[in-house]
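Undergrad: Provided herewith is a single structure, encoded as structure tokens, for subsequent inquiry.
Please treat every number below as a calculation from the coordinates, not as lab data. The structure displayed is predicted, hence computed values, not measured ones. A quick note on method: Cβ atoms are made from the backbone with ideal geometry, for glycine too, and the neighbour counts reach across all protein chains shown.
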Amino acid sequence: MLDQALAQLPEEAREDWKLLVRADTAGATRKFARALRERKIRFSLGYPVQEQVGQAARCRSPSGAGSRRSTETAGRARGPG
């Protein structure tokens, strides 16, 4: 499906633009992430994690970057974070 979606973009977009693919829980699979990495496409996958997993990720992130919550375009915090 990824290749079909990419094929819908104008050819110049596929060559010159830096793409960022975003997916929610339904798209957050290892297979999809691997396909994106193989094509050198940046991506952001969202999925819920248990609090213990979230804490561990924040501890391992450089400069505490993982401790910030994602925000909507308007700057409001999204969900319980």
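Undergrad: Could you list Leu20, Leu36, Leu2 in order of exposure, starting from the residue whose Cβ has the fewest other Cβ atoms within 10 Å?
TA: Values: Leu20 10, Leu36 19, Leu2 15.
In order of increasing Cβ crowding within 10 Å: Leu20, Leu2, Leu36.
Undergrad: Given R₀ = 25 Å, FRET efficiency for Arg39-Arg60 by Cβ-Cβ distance, to 0.05? Before the final figure, lay out each step's value.
TA: Numbers: r = 26 Å, r/R0 = 1.06.
Given R0 = 25 Å and the Cβ-Cβ separation, E is 0.40.
Undergrad: Continuing with the same structure: Would you mind calculating the relative contact order of the range 2-64 from Cα pairs under 8 angstrom and at least 6 residues apart, reporting the percent as a whole number?
TA: Numbers: 35 pairs, mean separation 19.6, N = 63.
Dividing the mean separation by the residue count of the range 2-64 yields 31 percent.
Undergrad: Whose amide H sits under 5 Å from the amide H of Phe43, counting only residues 5 or more places off or on another chain, with H placed in the peptide plane?
TA: Val21
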